[in-house]
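Engineer: Got a structure here, written out as structure tokens. Questions coming.
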Amino acid sequence: MDEYNKPDLSHVISQNQRADDLTRQTAGEFAEQFNLRLFPYTWVTDIDADAHVVKAKAKTWQYDRLVLATGASAFVPPVEGRELMITLNSQQEYQASETRLRDAARVMIVGGGLIGTELAMDFCRAGKSVTLVDHAASILSVLMPAEVSSRLQHRLTDMGVHLMLKSQLQSLSKTEGGIRATLDRSRSVEVDAVVAATGLRPETALAHRAGAEINRGVKVNSYLQTTRPDIYALGDCAEINGQVLPFLQPIQLSSMYLAKNLLGGSAPLKLPAMLVKVKTPELPLHLAGETQRQDLNWQITLEPQGMVARGTDADGQICAFVVSEDRMKEAFALLKSLPA
């Protein structure tokens, strides 16, 4: 796998980028720069945690300490015709479907979360007819309440994105003109491509074979240690003290802490309040804190230059915020007001 910036996948269509354009340096160049022994195209089949051995089909490696960074795979809804759905969770996945996506005039995005919303805007900016389907009543429903996401939702509608909210995809089938997507309430839409953006599932199979405890992800403590001695996990596959955090900043911090500890340190990972960025260029958002909490009272200030939404608890303590457009410059000051 070559080095590339994964968040760029949300903008490849409008920027007319091919998969190869995303490459910063090849895997071989990366390995040479950092003096790594690289074993490409090698499928690890098992881990013997007692013997401290990693096994592949034709090779084994002995280890003192092992780090699992197996990532996560895109979840594809288990509907009839699911094989017709495209996922965009890696450079390789985009490479496999870039011609179909570039040629498609009508695109359906299944999932109105962070990635689905970004992709819907990107395809729309590329001049495509876009339908966004989600079972919730508003976009970004896992991240924030409807009254906070409504500004972005209205912008998507104004751009021409067809929102089919409170809707359930039931099946996909090929037609002469493309793909028919059948939804609940006897509705159907014909499109040229369907993209699944319904979340990630941590890759935990290897950790499970090693005897490590699994919940939603590979369970690790504040030192990123699994429940098996000398085996660690980080990134999209890890569940840190009960939290799966598939965002760039916590993964970068995890890597820094773990590297220092593997070299003799003993500092537990401490994650500060961190910004999550919704990369929708026509109306970008930054958010932080417990934006998904149901018990917060939201004070929302709307101005032509942007929005500031503050979520406070029963004691008036700010616990979360969302800012948009030119008001995003206030995000760092608001971060300091969140509980440690």
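The values are calculated or read from the model by the stated rules, or taken from the named source; none is laboratory data. None of the values given here were measured: they were computed from a predicted structure. When we count neighbours, we look across all protein chains shown, and the Cβ atoms used for this are built from the backbone with ideal geometry, even at glycine. These area figures cover heavy atoms from the full protein model, side chains too; ligands, DNA and RNA do not enter into them. Shrake-Rupley method; radii C 1.70, N 1.55, O 1.52, S 1.80 Å.
Engineer: Only residues that are touching a Ser or Thr at 6+ places or on another chain (Cβ under 7 Å) and at positive phi: list them for region 120-178, please.
Structural biologist: Once the filter is applied, which keeps residues that are touching a Ser or Thr at 6+ places or on another chain (Cβ under 7 Å) and at positive phi, region 120-178 yields only 140.
Engineer: If I filter region 227-245 for residues that are among the aromatic types (Phe, Trp, Tyr) and either open to solvent by 50 Å² or more (accessible area, probe 1.4 Å) or not in a strand (DSSP E or B) (or both), do I get at least one hit? Don't jump to the end; show me each part of the working.
Structural biologist: Start the filter on region 227-245 by keeping residues that are among the aromatic types (Phe, Trp, Tyr), which leaves 232.
Cutting the leftovers down to either open to solvent by 50 Å² or more (accessible area, probe 1.4 Å) or not in a strand (DSSP E or B) (or both) gives us none.
Within region 227-245, not a single residue is among the aromatic types (Phe, Trp, Tyr) and either open to solvent by 50 Å² or more (accessible area, probe 1.4 Å) or not in a strand (DSSP E or B) (or both).
Residues are listed down the side, and each one gets a yes or a no for (1) in contact (Cβ under 8 Å) with a residue 60 or more places away in the chain; (2) within 29 Å of residue 84 (Cα to Cα):
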site: 193; (1), (2): yes, yes
site: 203; (1), (2): yes, yes
site: 233; (1), (2): yes, no
site: 237; (1), (2): yes, yes
site: 241; (1), (2): no, no
site: 244; (1), (2): no, yes
site: 249; (1), (2): no, no
site: 256; (1), (2): no, no
site: 265; (1), (2): no, no
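Engineer: For residues that are among the aliphatic types (A, V, I, L, M) and either over 22 Å from the mean Cα position of the chain (by Cα) or at positive phi (or both), tally how many sit in region 209-257.
Structural biologist: Pass one, region 209-257, residues among the aliphatic types (A, V, I, L, M): 210, 212, 214, 218, 220, 224, 231, 233-234, 238, 240, 244-245, 248, 251, 253, 256.
Narrowing the set further to residues that are either over 22 Å from the mean Cα position of the chain (by Cα) or at positive phi (or both) leaves 210, 212, 224, 231.
Residues in region 209-257 being among the aliphatic types (A, V, I, L, M) and either over 22 Å from the mean Cα position of the chain (by Cα) or at positive phi (or both): 4 in total.
Engineer: Scan region 173-211 for residues that are in a loop (DSSP other than H, G, I, E, B) and in contact with a helix residue (DSSP H, G or I) (Cβ under 9 Å, 6 or more places away or on another chain) and jot them down. Please lay out each step first, then the result.
Structural biologist: So in region 173-211, the residues in a loop (DSSP other than H, G, I, E, B) come out as 176-177, 184-186, 192, 197-199, 203-204, 210-211.
192, 197, 198, 199, 203, 204 - these are the residues of region 173-211 that are in a loop (DSSP other than H, G, I, E, B) and in contact with a helix residue (DSSP H, G or I) (Cβ under 9 Å, 6 or more places away or on another chain).
Engineer: If a residue counts only when it is of a type in the set (A, V, I, L, M, F, W, C) and surrounded by fewer than 18 Cβ atoms within 10 Å (Cβ to Cβ), which strands (runs of 3 or more DSSP E) contained entirely in region 252-340 have at least 3 such residues? Before the answer, list the steps.
Structural biologist: Details: elements: 276-278, 285-289, 297-303, 306-312, 318-324.
Of the strands (runs of 3 or more DSSP E) lying wholly inside region 252-340, those with at least 3 residues that are of a type in the set (A, V, I, L, M, F, W, C) and surrounded by fewer than 18 Cβ atoms within 10 Å (Cβ to Cβ) span 297-303.
Engineer: Looking only at region 38-56, decide whether some residue is of a type in the set (S, T, N, Q), open to solvent by 80 Å² or more (accessible area, probe 1.4 Å) and over 20 Å from residue 131 (Cα atoms).
Structural biologist: As a first pass, look at region 38-56 and keep what is of a type in the set (S, T, N, Q): 42, 45.
Subsequent filtering for residues that are open to solvent by 80 Å² or more (accessible area, probe 1.4 Å) retains none.
Checked against the condition, which is being of a type in the set (S, T, N, Q), open to solvent by 80 Å² or more (accessible area, probe 1.4 Å) and over 20 Å from residue 131 (Cα atoms), region 38-56 yields no hits at all.
Engineer: What pairs come up if the first residue lies in region 53-80 and is over 18 Å from residue 213 (Cα atoms) and in a loop (DSSP other than H, G, I, E, B), the second is open to solvent by 90 Å² or more (accessible area, probe 1.4 Å) and not hydrophobic (A, V, I, L, M, F, W, C), and their beta carbons are under 7 Å apart, counting only those six or more places apart or on different chains?
Structural biologist: Listed pairs, sorted by first residue: 75/201; 76/82; 79/170.
Engineer: Please state which one of 28, 71, 81 is within 25 Å of residue 246 (Cα to Cα) and open to solvent by less than 50 Å² (accessible area, probe 1.4 Å).
Structural biologist: Values: 28 fails: within 25 Å of residue 246 (Cα to Cα); 81 fails: within 25 Å of residue 246 (Cα to Cα).
Only one candidate passes the filter, namely 71.
Engineer: Free of Cβ contacts under 8 Å to residues at least 60 places away in the same chain and either surrounded by fewer than 18 Cβ atoms within 10 Å (Cβ to Cβ) or under 19 Å from the mean Cα position of the chain (by Cα) (or both): is that true of residue 173 in this structure?
Structural biologist: On the way: free of Cβ contacts under 8 Å to residues at least 60 places away in the same chain: no; either surrounded by fewer than 18 Cβ atoms within 10 Å (Cβ to Cβ) or under 19 Å from the mean Cα position of the chain (by Cα) (or both): yes.
Taking the combined requirement at face value, the residue does not satisfy it.
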